[in-house]
Amino acid sequence: MLSSQHPPTKLLTWVGGALAVAAAATAVLSRPFAAPRRSPVASHPPSIYGPDAAGAPVVSPFHFDIQPMRALALFNFERDPDSVYKGLEPQAFDDDVHGRGLLVIGWRVDGRVDVFHDPDLRLDPATYAIAGAGLHRMEARDLSDGRVELGPTGASIDLAFTDLDDRPIQLMVSETDTRPRRPFGLLAPMGDASTDPPALPLVYAKDFYFVRRSGAEIRIEIDGRRHRSDSLPLLLDSTWMHFVRYSATPFVALWNHRDHHTADVLACSGVTAEAGGARYELRANGPFREIQCMTRREGDQHVTVEFAPAFPQLFALRDGASVDGSFRVSTAPPAGVVTGTWQVVRQGRRAEIDVVPSGGWTPGDAQPMARFLFRVIAVFRSWPTTYRWNGTVELPAPVEDVGASTPLTSRWERVR
């Protein structure tokens with residue numbers, strides 16, 4: 001899911017009109033933007049661990065949930081809105097999690113979202129609590145005759161359905177401009193308006209691009225009235241663009257969803273372990289094993305969290321120990337990085353954990369347009385920094401009695 005926030009209005013305000021934006025773009029795109037440097041590899045002092053804790057199990061309080069998606073697009077018409085909707089977002093699925101079919105997110109003028117979906121799709125309403133100001137309604141609709149296809153020649157989309165008031169809605173885009181496209185990857189600011197997020201949403205939009213004004217036919221029609229799509233006030237690849245954007249095979253990862261109520265005990269084999277669909281790389285610190293990184297794969301894409309120093313062996317921490325460090329989230333193919341800090345405090349039979357993505361998203365070596373959006377549109381820089389995760393792992397007594405998991409309570413909150 002992509003944020004429906006409308007950059008053109010903000011761009012015109014910030015840089016004084018389309019010509020100023022184009023001039024700013026030229027200056028910005030000519031400058032490289034280095035990704036944050038990795039923290040130097042370091043180890044925790046042995047004093048953080050108890051004297052008789054060398055045989056304690058290794059436990060991970062972290063989880064990655066992957067939401068496969070075949071394609072998505074987002075139509076913005078905030079300058080010519082409907083009485084209910086200001087944006088519409090088709091999504092296409094063909095995977096073992098959701099099944100095969102289409103859905104459309106209706107971005108409402110009140111900030112909430114409606115979700116219209118093929119009846120056979122397997123969907124979790126909690127997923128859409130992250131979108132906008134939260135979920136308003138989910139309704140099944142027959143979208144079997146719809147089409148959402150993205151390729152080298154652009155977007156081909158044709159959808160028709162009725163909304164909650166039985167008003168007919170038609171979405172259509174057809175591109176005939178065959179000039180080469182240069183799509184880029186970025187972290188979409190999904191969740192920037194969420195007030196009670198169930199997870200940290202990391203939506204890496206692969207092959208992200210806009211619909212060209214030249215050679216494109218667009219129809220946004222609600223209850224018999226056609227709406228004009230918004231436009232980008234700058235040239236991209238030497239052509240003007242509609243503010244209709246799309247991404248083929250976006251990579252959607254939810255980090256530390258609050259529905260996970262257990263921390264995984266890792267069955268370690270040498271310096272690696274697997275749990276919850278993630279692969280862990282461990283690092284020895286004397287007799288203890290710490291989590292260097294965790295990776296979750298989906299097809300040819302993956303997301304990795306690296307910890308520096310390595311995340312400590314929770315069950316082995318001495319009572320009263322306080323440990324902190326930094327983390328770095330990256331993807332392959334690369335689409336920039338998210339950085340932040342973590343802290344662990346052992347208090348009796350509990351380990352209290354705080355995670356804050358305080359460094360936000362940085363485009364790193366992403367393509368010039370991603371760097372431009374990062375520099376000019378504040379939400380791309382700021383939204384991850386407003387999230388904070390608190391987790392509590394219950395430590396069994398004695399630790400040798402732990403099974404494959406141990407109790408975990410956690411929640412995300414927004415800190416403005």
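Can you tell me which residues in region 255-276 are hydroxyl-bearing (Ser, Thr, Tyr) and modelled with pLDDT of 90 or more? Hits for region 255-276 are 262, 272.
The single condition from (1) in contact (Cβ under 8 Å) with a residue 60 or more places away in the chain; (2) part of a loop (DSSP other than H, G, I, E, B); (3) more than 25 Å from residue 241 (Cβ to Cβ) that residue 120 fails is (1).
Within region 340-363, does at least one residue satisfy the condition of being closer than 30 Å to residue 239 by Cα and touching a Pro at 6+ places or on another chain (Cβ under 8 Å)?
Our first condition is that a residue be closer than 30 Å to residue 239 by Cα; within region 340-363, this holds for 361-363.
From what's left, touching a Pro at 6+ places or on another chain (Cβ under 8 Å): 361-362.
Yes, because at least one residue in region 340-363 is closer than 30 Å to residue 239 by Cα and touching a Pro at 6+ places or on another chain (Cβ under 8 Å).
Confirm whether residue 148 is under 25 Å from residue 81 (Cβ atoms), modelled with pLDDT of 95 or more, out of contact with any Leu (no Cβ under 8 Å at 6 or more places or on another chain) and in the same structural domain as residue 245 (by TED's automatic domain parsing).
no
Evaluate the following for residue 383: is it closer than 29 Å to residue 298 by Cβ, at pLDDT below 90 and of a type in the set (Phe, Trp, Tyr)? Break it down into steps so the answer makes sense when it comes.
Details: closer than 29 Å to residue 298 by Cβ: yes; at pLDDT below 90: yes; of a type in the set (Phe, Trp, Tyr): yes.
So residue 383 passes the test.
Here 351, 370 are screened, and the one residue that is under 24 Å from residue 303 (Cα atoms), buried (at least 20 other Cβ atoms within 10 Å of the Cβ) and either touching a Ser or Thr at 6+ places or on another chain (Cβ under 9 Å) or of a type outside the set (S, T, N, Q) (or both) is 370.
Condition check ((1) buried (at least 18 other Cβ atoms within 10 Å of the Cβ); (2) within 25 Å of residue 229 (Cα to Cα)) across all residues:
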| position | (1), (2) |
| --- | --- |
| 98 | yes, no |
| 102 | yes, yes |
| 114 | yes, yes |
| 123 | yes, no |
| 127 | yes, no |
| 158 | no, yes |
| 163 | yes, yes |
| 167 | no, yes |
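Those residues that are farther than 16 Å from residue 121 by Cβ, part of a strand (DSSP E or B) and touching a Lys or Arg at 6+ places or on another chain (Cβ under 9 Å), I need them from region 156-173; list them, please.
Step one: of region 156-173, the residues farther than 16 Å from residue 121 by Cβ are 156-158, 160, 162-173.
Narrowing further to those that are part of a strand (DSSP E or B): 156-158, 160, 162, 168-173.
156, 157, 158, 162, 170, 171, 172, 173, listed by residue number.
Screening residue 356 against (1) buried (at least 23 other Cβ atoms within 10 Å of the Cβ); (2) not in a helix (DSSP H, G or I) leaves a single unmet condition, (1). Do you know which residues across region 301-312 are surrounded by fewer than 24 Cβ atoms within 10 Å (Cβ to Cβ) and either in a loop (DSSP other than H, G, I, E, B) or not hydrophobic (A, V, I, L, M, F, W, C) (or both)? Within region 301-312, 301, 302, 304, 306, 309 qualify. For residue 133, the conditions (1) outside any strand (DSSP E or B); (2) in contact with a His (Cβ under 9 Å, 6 or more places away or on another chain) are fulfilled apart from (2).
Mind listing whichever residues of region 146-183 are acidic (Asp, Glu) and farther than 23 Å from residue 107 by Cβ? Break it down stepwise before answering.
Kept after step one, since they are acidic (Asp, Glu), are these residues of region 146-183: 149, 158, 163, 165-166, 175, 177.
Residue satisfying the conditions is 177 alone.
Could you check how many residues of region 284-307 are more than 20 Å from residue 334 (Cα to Cα) and touching a residue at least 40 places away in the same chain (Cβ under 8 Å)? Going through region 284-307 one residue at a time, the tally reaches 7. Keeping to region 235-268, report how many residues are of a type outside the set (Ser, Thr, Tyr), touching a residue at least 40 places away in the same chain (Cβ under 8 Å) and closer than 25 Å to residue 71 by Cα. Here the count works out to 15.
The values are calculated or read from the model by the stated rules, or taken from the named source; none is laboratory data. Just so it is clear, the structure is predicted and the values come from calculations on it, not from any experiment. All Cβ positions, glycine included, derive from the backbone under ideal geometry; neighbour counts span all protein chains shown.
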